[in-house]
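The values are calculated or read from the model by the stated rules, or taken from the named source; none is laboratory data. Computed from a predicted model, the values in this text were never measured in an experiment. For neighbour counting, all protein chains shown are included, and Cβ atoms are generated from backbone atoms with ideal geometry for every residue, glycine included. For accessibility, only protein heavy atoms count, side chains too; no ligands or nucleic acids. Shrake-Rupley method; radii C 1.70, N 1.55, O 1.52, S 1.80 Å.
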Amino acid sequence: PPLHMASLKVCATPGTFLSMLTHALTTEKEEVMGLLLGDVEQTPSETKILVWGISVLTRSDKRKDRVEISPEQSSAAAVQAEKMSETLGRRTRVVGWYHSHPHITVLPSHVDIATQFSYQQYMDPHFVGIIFSVFNSDPSHKGRVQVIAFQSIEIPVASDVPAPSPAPVPSSSSGSSGKGPGKNLTNLGAGSSPIIIDEDSNDGSMKKSSGTLLPPSQTRLERIEIPFSVEGAGHAPVPNTLEAIVRMQAVMLKEEQAAFHEANNAHPTSSHPLTFMYNSAVYQKSICRLLEYGCSPMLATLQDMLASNLDEIQQLKEMIRIRTPK
């Protein structure tokens, strides 16, 4: 049966979900993105996309409505998946991607849907996308995070109805994508947005842009929402959550350093001292933001791990007490 007819689910480990959410909350000015690492588990009744790791990539372009990565970064993610396979003793590969929508809807844009379709065609039919809509508030002005997972499908256009010509797609990958509520964190749903493989790009880089990879004119693309849940891995080995957050911090720091040096070297001979002072202040502010948004979740994770370990120790002591003869 077609993929969208099967029972497809996306399951992420708690540590992986925390890593993705932490990454999405690191900035409200630009989109961030990464790749999902895990595997596909198929049974006669359902197909599960299991996600137990992420690969945080250095962005080659940072904008509020677009994010780009280089081909080298994509290759690095595949290498990271291979190393993770050796470390965990379970097959790990790239199974999808995630990115943030700061201050906008959680629903995927037309560009997102077209990009997702291209991934499913040229990479893997099980490839999924996840979107984190962050820095929004509900009517009561409380902060709200929404998450969806999605795939794309082709919908035939009725033969007696002329197929509409594709409307120009704005360069914003976060443009209008339909209306309707997403799923709150307390009731995770599905839907997502993807990276466009821009075949016209001279450097072959993957990007979210105005280019669309549309199927023939007698079909149109639609999103399908995939059930998304956060589940423990049981006794299966999983990567260390703290290591993922530390790697994320290192990547974000590298981006800020590159932006700082680029700003100061734009006009090395005519740069005014005040320009250097301003750039330095912006850089220091960015570093403080990384410390706040990255280290706070890390400390929370440590506290949760400590509480979990103490509970496990107490349970083991109780088991020993019960089994030990008097």
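Averaging over all projection directions, find the projected area of the Cα convex hull of region 220-326 and quote it in nm² with one decimal place.
Mean orientational projected area (region 220-326, Cα hull): 13.8 nm².
Relative contact order for region 118-157: what percent, with Cα pairs under 8 Å and sequence separation of 6 or more? Don't skip to the answer; put the middle values down first.
On the way: 37 pairs, mean separation 13.6, N = 40.
Here the relative contact order equals 34 percent.
What full-extension length gain, to one decimal in nm, is calculated for Ala76 and Ile320 as 0.36 nm per residue of separation minus the Cα-Cα distance?
Full-extension gain reported as 83.2 nm.
Calculate the FRET efficiency for Glu262 and Gln303 from the Cβ-Cβ distance with a Förster distance of 35 Å, rounded to the nearest 0.05.
Details: r = 38 Å, r/R0 = 1.08.
Approximately 0.40, to the nearest 0.05.
Please compute the modelled spin-label separation between Glu222 and Ser296, points set 7 Å along Cα→Cβ, answer in nm with one decimal.
With each label placed 7 Å out from Cα toward Cβ, I get 4.1 nm.
May I ask you to give the percent of accessible area on region 92-155 that is carbon plus sulfur, with a probe radius of 1.4 Å?
Ligands and nucleic acids excluded, carbon and sulfur give 55 percent.
Just to confirm a number: summing +1 for Lys and Arg and -1 for Asp and Glu over residues other than Thr47 whose beta-carbon lies under 13 angstrom from that of Thr47, what do you get? Mind showing how you got there, number by number?
On the way: positive: Lys9, Lys48; negative: Asp39, Glu41, Glu46, Asp124.
Computed value for this residue: -2.
Can you work out the PRE-style zone for Arg93? Point 7 Å along Cα to Cβ, and I want the residues of region 17-44 with backbone N under 11 Å.
38-41
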